[in-house]
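Each reported figure results from applying straightforward, stated rules to the coordinates on display, with no laboratory input. Being a predicted model, the structure only gives us computed values, none of them experimental. Ideal geometry is used to build each Cβ from the backbone, glycine not excepted, and the neighbour counts take in all protein chains shown.
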């Protein structure tokens, strides 16, 4: 018979204490390094963030101005400038690559909101069919809204994001993530036959209020090239599918507008500046007279088109789709002036 081996003492409490202390010291060192580099905290923009942000809409005043659209809304409307110009706060529910129409439909059916609703019309993004990958995200989020409302995993992301990621630069996912550090350091080239190398360089801050702010002027050719590849990929995806039928979309819009106006609210459509290949692509496939003008005419809603105003018609987003902070402030002031002017 073999003698039974004695199991050595396992100092788990001490191990956990040492590891915890090491992690804590490392985070302090990284945070100190970030502050010396003047790096700010940034929230990660994903569907978890957006869905939690949507749930918080239910706790807002019913007359709160709400913003719907794709990333042109999150980049192009500066919330601080809006607050100063309009004398009120706005709630931004923009989502990268998303159509504003499912958001409008959700607001009409699932809330009692009776404030102003600013709804972006962004060509292919607004009329993208659900099979387009980035369009499917918002459709799925709306479909699973009630189910996800009671998801502990999803709702806990809001707490950790709000009290940790939004306050500590060391948790900025675009700076100190090992994957991002590798991408930024090595800068791999795009592989043959690959549509896009999905590396958006660290050039944007995403705030707790769901606003995107450029912190870089995109003067680095590599950075601009990465943004161009990503945007051109989105356009290629949309080219594979027919856009949503305009008459069907307008019919749904009219139903939603009627519900919102019946509660005392107002829907206002917004067209943000575009440039370069984005402008060419949208002018060819979604010409103003066939889309924007028809929507304004058939819904009888007010609309703010950047080309109609002296101070906004020459704004030029360098990446083709997203305004830089200075231009976003100009656009926001003019939009606020339009929204709150007295109707004739």
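Observations, loosely collected:
- Estimated distance in nm for a label pair at residue 276 and residue 144, the labels positioned 7 Å out from Cα along Cα-to-Cβ: 3.3 nm
- Distance between the modelled labels on residue 258 and residue 84, one decimal in nanometres: 4.3 nm (7 Å Cα→Cβ projection).
- FRET efficiency estimate (nearest 0.05) - Cβ-Cβ, residue 36 to residue 158, R0 30 angstrom: 0.50
- A compact globular protein would have a Cα radius of gyration near 2.2 N^0.38 Å; the ratio found for region 1-144 is 1.65.
- Equivalent-ellipsoid semi-axes for the chain (Cα gyration tensor, √(5λ), whole Å, largest first): 40, 24, 21.
- For region 17-70, the spread of Cα positions along each principal axis, largest first, Å: 49, 29, 21
- Cβ-Cβ FRET estimate between residue 222 and residue 5, R0 fixed at 56 Å, reported to 0.05: 0.45
- 0 to 90° range, to nearest 10: angle between helix 246-262 axis and the chain longest Cα axis: 90 degrees
- Computed over the alpha-carbon pairs of region 235-319, the distance histogram in 10 Å steps reads 15, 40, 34, 11, 0 percent, short to long.
- Computed FRET value (nearest 0.05) for residue 44 with residue 294, which takes r as the C-beta separation and R₀ as 25 Å: 0.10
- Between 204, 274, 19, the Gaussian network model of the chain with springs among Cα atoms under 10 angstrom shows the greatest mean-square fluctuation at 19.
- Between the helical axis of 47-57 and the longest alpha-carbon principal axis of the chain there is an angle of about 60 degrees.
- Over the chain, relative contact order from alpha-carbon pairs under 8 Å, at least 6 apart, %: 24 percent
- Shape call, region 193-269: gyration tensor on alpha carbons, a/c limit 1.5: oblate
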